[in-house]
Every structure is written in C-alpha cells, then in structure tokens.
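Novice: Structure incoming, see below.
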Amino acid sequence: GAGAGAGAGAIAAIEAVPSYLVPTPRSRPAIRILADLANLLSASGIDPAAFKREMSGMAALLVEHRNALAGNADFAKEVNDQGEIIFQHAELILSKGGTLETTTRTRQATEESIGRAFVAAARRLTNEAASAYVRLRLATDPSAIGVARLEAYALTLRDEVMDAVNANASTRIDALRSEHGREVEGLSAAKQTRYRTILRQAPAPSLVSLKLPEVALFRRGTASLPRHVYADGGDALIYLNSWEADSIGSETIKASTIGWLRNGEHEGWFCVPWRDGNTWRGFFPDFLVVRQDGERLVVDVIDPHDHTKPDAVGKAKGLSEYAARHAEQLGHIILVAKVENRYRRLHLDQSPIRQKVDALASNAELHNLYVAEGVQN
C-alpha cells in the first residue's frame, strides 16, 4: 500500500505534481467536449448551472459574430427566409482516390428546409448552443425565428466563426477543469471515468490530478532500496535495469530524501505529453523523489533514457515544455543518459538548458548536448 513507509507527506507531495491526460488521436470539436463536460458538472451537482451557462456563453459569442456580419451582402442573402438556402454537401469521389469534395445545393426557404438547416447547425454547435442562439436573437426580434435559425446555420459554415467558437470552448474547458478538477475526485468511480473519457477527446493534453493507486504491483528485483512509497516501512525489492539503479540508488540514501516512487507506465500514473509529428503521446518518467528542502517538501523528476532511440528527442522536448510550465512547482527535472560510459544529467529545471533542448533536431545533437552540458554523476 502507498504511504505507510514514507509517510503521508511524501504521498501528498507526489500527488500535487502536475500530471496530464493525453488525448486520443481522433479528437472532437471543442464545443461538443465543453457541452459534455458542463453537462457532467451540472448533473453531478458540482456546478448545477454549468451546462446552460456555458452553452449560453457560446450563443453570445455567435451573436457577436452575427453582428459583425450585419453589413455583409452574402450573409444577408444566406439568412433570407424568403429566398433560397445554400446547403453544403460533401461527396466521396471514388474516382479521385476516395477524396471528399464539398459541393453546394440550393433549396427554396420553407419551414421544412429551414428546419433542416437548423438541424445541421445544431450538429456542429450542439443542440443547446444552437437553441440558445435562437433564443437570444428572438429576445431582440421576436418575429424572426426563421432568420435566426438560418443565421445559426450560416455562421457554422464560416471557418473563422467555428475556429473562434472552438477556441473559446477550449478556454472554457481549461477553466472548468482548473476550477472543478479536484471536486471530481469525490464523485463515483463511473463519473470519474466519464470525466476522463471526456477530457481524452480534447485536441490538447489535459492537466489532471494525480492520484496514486492504493495498491501497485512492481516486478520483483534483487537490489534493496530504502524509502519507496509502496514499501510499507521496509526496503523495496523492485526490478531496475542498470541505468535505472545507477540513477536512483544514490538518491534513495540521501539524508534529505523522505520517499521515492518508481512510476508506472500507463494512464493513472505521472504522465508528461510530447508531440510525435502531429500526434500527442504520453510518456511516464521513471522516478519521482520527494526530499526535504528547508521548511518544504519538493519533488524531483528523474528520467534515465536511452538518447539513441527514435523517440528520445521528442520526449526530451516534451519534458522540457513540461518543465517550462511547471518548474516552480517542482525541484529538479532531470534527463539522465549514459554517454561515453559516464552518466550525464541535463537539468531541464534550468532555462538555458531547456532552450537548447527545444532547438534539437536530431539524436546526434542530443548526444552533443549531453557531452557539452550534461552534469556528470
């Protein structure tokens, strides 16, 4: 079990370390994720007004964009409920290698065709945001329900409007997550799972609370190391390869160390995001060390990593970006590599080192950086 050996202080210090949930490769529009998140917060009683408030906020943003288009002749034509509606239609062209081509079709504005246009708008905006937009417009012009519905549709066809809507939704997701993330921990396991499922659909990694499992299984080793947070008061017999053992062994016996953790390798453990081309991935630095620093406890992140692997530069840059965001909340953030038979450490908690890591373009450059800047053990 966690905590008996190292004390609650070490566990609390580790669980205060910022961790991330990495999105699945296929993300959804941020406005739909915001709707799901706000709905969960409302239904669970954490923030009862969240759903209607957030969707009304999206509708108000749409009204701003509608007002900015007030003198636009094309927009006026598109929202004329006595004219013709232009529908976008995507077709799969098999003769062109399965590419999608968007064509347009026109239909006379009728109650049925206006209804179809509004349904299309609701698919892109969520039904609640689209309906909230219409309600806002009717508050100033009660007779213009057809025009208001066509406006919602015409706005969703403009990339700059949807980009602004989804950017604003992303900001609101961050705000809700920051405000209520800790409260979600008090919900049922099913609702906590739902919360993580929602965040996993966001386009960017989500900052989440780190909660160590009550019980963790580690591969058994032969070397005995003191003060592991799962050791229940004794020494840990956790398998470590030679790099890992050499990187953490000296840390465990320092007088200032009060506890350390061999991090897990899957969701739920301490995770740092990194970019693999256009895809977000997560990696799990090997060690977290809790030490006494004057009156406070600080946590060091130590990751021994083979700098010759294809993902080495990407992960180094990911940890560098993490350090830039969170260095003030942690102690040392260290990459360790064995270079020319010596262990060398890059301290990513230091801004000059981060700048050099951020500029890396190859494994050879990473190797040279270890030689030039790496602190020898």
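The values are calculated or read from the model by the stated rules, or taken from the named source; none is laboratory data. Just so it is clear, the structure is predicted and the values come from calculations on it, not from any experiment. When we count neighbours, we look across all protein chains shown, and the Cβ atoms used for this are built from the backbone with ideal geometry, even at glycine. Only protein heavy atoms, including side chains, enter the accessible area calculation; ligands, DNA and RNA are left aside. Shrake-Rupley method; radii C 1.70, N 1.55, O 1.52, S 1.80 Å.
Novice: Nearest 20 debye, what's the magnitude of the dipole of the range 245-377 about its Cα centre given +1 on Lys and Arg Cβ and -1 on Asp and Glu Cβ?
Specialist: Values: 16 positive and 19 negative charges, 26 e Å.
Approximately 120 debye in magnitude.
Novice: For a quick check, take a GNM of the chain with Cα springs below 10 Å and name the residue from Gly221, Gly282, Gly314 with the largest mean-square fluctuation.
Specialist: Gly221
Novice: While we're here: Could you let me know the centre-to-centre spacing of the range 334-377 and the range 126-142, using Cα atoms, in angstrom?
Specialist: 56
Novice: Can you pull the accessible area of Lys338 for me, 1.4 Å probe, Å² to the nearest 10?
Specialist: My reading of the accessible area for Lys338 is about 70 Å².
Novice: Percent of Cα-Cα pairs per 5 Å bin, from 0 to the last occupied bin, for the range 37-80, please list those.
Specialist: Each 5 Å bin holds this share of Cα pairs: 5, 22, 17, 13, 11, 10, 9, 9, 4, 0.
Novice: Add -39500 (n - 2.57) for each DSSP H run of 4 or more in the chain, then divide by its residues: what number comes out at 222 nm, to the nearest 500 deg cm²/dmol? Don't skip to the end; give the middle numbers.
Specialist: On the way: 13 runs with 171 residues, N = 377.
-14500 deg cm²/dmol, from helical runs alone.
Novice: Roll a 1.4 angstrom probe over the protein heavy atoms and tell me the percent of accessible area of the range 100-241 that is carbon or sulfur.
Specialist: Details: 3840 of 7590 Å².
Percent of accessible area from carbon and sulfur atoms in the range 100-241: 51.
Novice: Angle between the Cα long axis of helix 363-373 and the longest principal axis of the chain, 0 to 90 degrees, nearest 10?
Specialist: Around 50 degrees separate the two axes.
Novice: Ok, one more. Hey, if we sort Arg66, Arg137, Arg53 by accessible area with the 1.4 Å probe, largest down, what's the order?
Specialist: Values: Arg66 60, Arg137 25, Arg53 100 Å².
From most exposed to least exposed: Arg53, Arg66, Arg137.
Novice: Mind grabbing the accessible area of His326 for me, 1.4 Å probe, Å², rounded to tens?
Specialist: Rounded to the nearest 10, that gives 10 Å².
Novice: Tell me the accessible surface of Thr24 in square angstrom (1.4 angstrom probe, heavy atoms of protein chains only), to the nearest ten.
Specialist: Probe radius 1.4 Å; accessible area of Thr24 about 60 Å².
Novice: Got a sec? What order do His266, His305, His180 fall in by accessible area at 1.4 Å, biggest, i.e. largest, first? Before the final figure, lay out each step's value.
Specialist: On the way: His266 110, His305 35, His180 10 Å².
If we order His266, His305, His180 from most to least accessible, we get His266, His305, His180.
Novice: Along Cα→Cβ, 7 Å out, is where each label goes; now give me the distance between the ones at Glu340 and Asn241 in nm to one decimal.
Specialist: Here the modelled spin labels are 2.3 nm apart.
Novice: Can you tell me the dipole magnitude for the chain around its Cα centre, using point charges on the Cβ only (Lys, Arg +1; Asp, Glu -1), in Debye to the nearest 20?
Specialist: On the way: 44 positive and 46 negative charges, 93 e Å.
That gives the chain a dipole magnitude of about 440 debye.
Novice: May I ask you to derive the relative contact order of the chain, considering only C-alpha pairs under 8 Å and at least 6 residues apart, and to give it as an integer percent?
Specialist: Numbers: 640 pairs, mean separation 73.6, N = 377.
For the chain, the relative contact order is 20 percent.
Novice: Report the Cα centroid-to-centroid distance between the range 167-206 and the range 214-263 in angstrom, as an integer.
Specialist: 32
Novice: Which value in nm describes the separation of the simple spin-label points at Gln192 and Thr140, placed 7 Å from the Cα toward the beta carbon?
Specialist: Label-label distance for Gln192 and Thr140, simple model: 4.6 nm.
Novice: Another question, if that's okay. Of Leu207, Leu225, which has the most accessible area and how do the rest follow, probe 1.4 Å? List each step's numbers first, then the result.
Specialist: Numbers: Leu207 75, Leu225 25 Å².
Highest to lowest solvent-accessible surface, that is Leu207, Leu225.
Novice: Springs between alpha-carbon pairs under 10 angstrom, Gaussian network model over the chain: which of Phe287, Phe51, Phe75 fluctuates most?
Specialist: The residue that fluctuates most here is Phe75.
Novice: Kindly express, to the nearest 10 degrees and within the range 0 to 90, the angle between helix 242-252's C-alpha long axis and the longest C-alpha principal axis of the chain.
Specialist: 80
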